[in-house]
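Comments concern the structure below.
Since every read-out is calculated from the coordinates, none of them should be taken as a lab result. Keep in mind that this is a model prediction, so the values were computed, not measured. We place every Cβ from the backbone using ideal geometry, glycine too, and count neighbours over all the protein chains shown.
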Amino acid sequence: TRLLVLHGPNLNMLGVREPGLYGSSSLEAINTRLEAVAHAAGVTLECRQSNAEHDLVDAIQQAPAHGVDGIIINPAAFTHTSVALRDALLAVGLPFIEVHLSNIHAREAFRQHSYLSDIATGVIAGLGPMGYELALTALLETIERN
Ligand code: DQA
């Protein structure tokens, strides 16, 4: 099984950026931990971060050709703006889980709408870095069931 983990804009600044909201873990620490969990489960993981919408669209488009079985995505601010990410995910039709470190439903009104949630296999918000690990477990379960 091969999974793609996509991190959207500004998530490269985790640990430094608004730690009260997003925690003190760096993105590298989150990815390292996730890779250990994946390795233990016999899963191959590819983690990518980009501040550019087109890079994320390209990564989603290329996923099937790379043998990816499912996607874990924290679209960050693009959650609330991007029809393009939605369309890319619809185009490839891979199961995906949307993850947010913070509880977007407890924040500003503009963060409470997601262009992805209604087409996601599931959504995890507000659990910090643990959300990615829960997503990995859930996505594997979904893939193995199908
Ligand atoms: C976020 C929530 C988004 O609203 C915000 O733009 C982010 C991070 C989260 O993980 O909580 O950059 O996706």
Among Phe110, His66, Gln49, which residue has its Cα furthest toward the positive end of the charge dipole of the stretch 2-141, with +1 on Lys/Arg Cβ and -1 on Asp/Glu Cβ?
Phe110
Taking the Cβ of Phe78 as the centre, find all other residues whose Cβ is under 10 Å away and add up their charges (Lys, Arg: +1; Asp, Glu: -1).
0
Place a +1 charge on the Cβ of each Lys and Arg in the chain and a -1 charge on the Cβ of each Asp and Glu, then give the dipole magnitude about the Cα centre in debye, rounded to the nearest 20.
180 debye
Ordered by residue, what ³J(HN,Hα) values in Hz, to whole numbers, does the stretch 105-117 give under the Karplus form 6.51 cos²θ - 1.76 cosθ + 1.60, where θ = phi - 60° and Gly and Pro are x?
7, 9, 10, 4, 4, 5, 8, 8, 9, 10, 6, 10, 4
Distance between the C-alpha centers of the stretch 38-66 and the stretch 90-125? Whole Å please.
17 Å
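Take Ile143, Ile73 and order them by how many other Cβ atoms sit within 10 Å, fewest up front.
Ile143, Ile73
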With no solvent and one point per C-alpha, what does the Debye sum give as log10 I(q)/I(0) for the stretch 1-92 at q = 0.11, 0.12, 0.13, 0.22 Å⁻¹?
-0.32, -0.38, -0.45, -1.13
Percent relative contact order of the stretch 14-122, based on C-alpha pairs within less than 8 angstrom and at least six residues apart?
22 percent
